[in-house]
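One structure is given here, and the rest of the page talks about it.
Since every read-out is calculated from the coordinates, none of them should be taken as a lab result. None of the values given here were measured: they were computed from a predicted structure. Note that we place each Cβ from the backbone using ideal geometry, even for glycine, and neighbour counts take in every protein chain shown.
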């Protein structure tokens, strides 16, 4: 509670300064306070608005990188870190955040290269040691059938991660699970409010959802959104999509493509997208099905 009160006080002070001087660089501190409080949308908007005025403010790009990281948008987080490096050069903070981003993206060799260098300069840093252990261990544990995307969080940034029931999902191969068990496991993740397994037309094949009518409506809309995006991408140079992420004020929808089906996950703002993605990869490796992975 003391931390929340401190953050609220900081937010109030930053907002007051911005009211008096909209061009102030205090927007970065405001965005960081919102991020630490877990209000990622406010953090994003504050930082985005400030960067429009101060596009060459390297520290603000680092804040934006952390916001994107906490939202599970690892490619965007990497872009923002690289922008900060371009403006201000490499630092311990930029390298450490890049290493964790690479771990979450499954680029373990790149992460290990950075962490080995950081470890040589600071051998007693527990944060670095923990990340180095993860970067070396996960490639050995990952199932050959599972795409290597993601890693457990080592909390290298200051923001508290949203609580999850699976804070360190196990990627080791295990006994095969049924589709029902797969859906049950996803539904058990903190922040997940509903799961739909759809055919390509958006019809519900299976679900973990409270209201059937709402499930049918969500399924129909998701099927149409997926069809439009897939059709548009077929004539573009971007290739096939991996997932579709939709965010509103109080809801997050993630649509993922399986071999013959679509998976729709409805979540609230408590969701940790990185942890959810890692858990999903682990479960897909155990799924007793010939579905292709995400």
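With N as its number of residues, the range 179-286 has a Cα radius of gyration that, divided by 2.2 N^0.38 Å, comes to 1.03. Remark: spin-label model distance residue 53-residue 229 equals 3.4 nm, labels positioned 7 Å along the Cα→Cβ axis.
Ordered by the count of other Cβ atoms within 10 Å of each Cβ, fewest first, 63, 281, 85 give 85, 281, 63.
The simple spin-label model puts a point 7 Å past each Cα toward its Cβ; for residue 86 and residue 41 those points are separated by 3.0 nm. Paramagnetic label reach from residue 19 (point 7 Å along Cα→Cβ; backbone nitrogen cut-off under 19 Å): within the range 49-71, residues 50.
The range 200-239 and the range 1-26 have Cα centres spaced 41 Å apart.
Taking N as the residue count of the range 2-141, its C-alpha radius of gyration divided by 2.2 N^0.38 Å amounts to 1.14. Sorting 190, 94, 275 from the fewest to the most surrounding beta carbons within 10 angstrom yields 190, 94, 275.
How would you rank 79, 62, going from fewest to most other Cβ atoms within 10 Å of each one's own Cβ? Show your work: numbers first, answer last.
On the way: 79 16, 62 25.
Starting with the residue having the fewest Cβ neighbours, the order is 79, 62.
Once both labels are positioned 7 Å from their Cα atoms along Cα-to-Cβ, the gap between residue 109 and residue 79 label points is 2.5 nm.
For a quick protection proxy, order the peptides 251-258, 204-211 by their average other-Cβ count within 10 Å, most packed first. If you can, show how the numbers build up before the last one.
Numbers: 251-258: 19.0, 204-211: 15.4.
The peptides rank, most packed first, as 251-258, 204-211.
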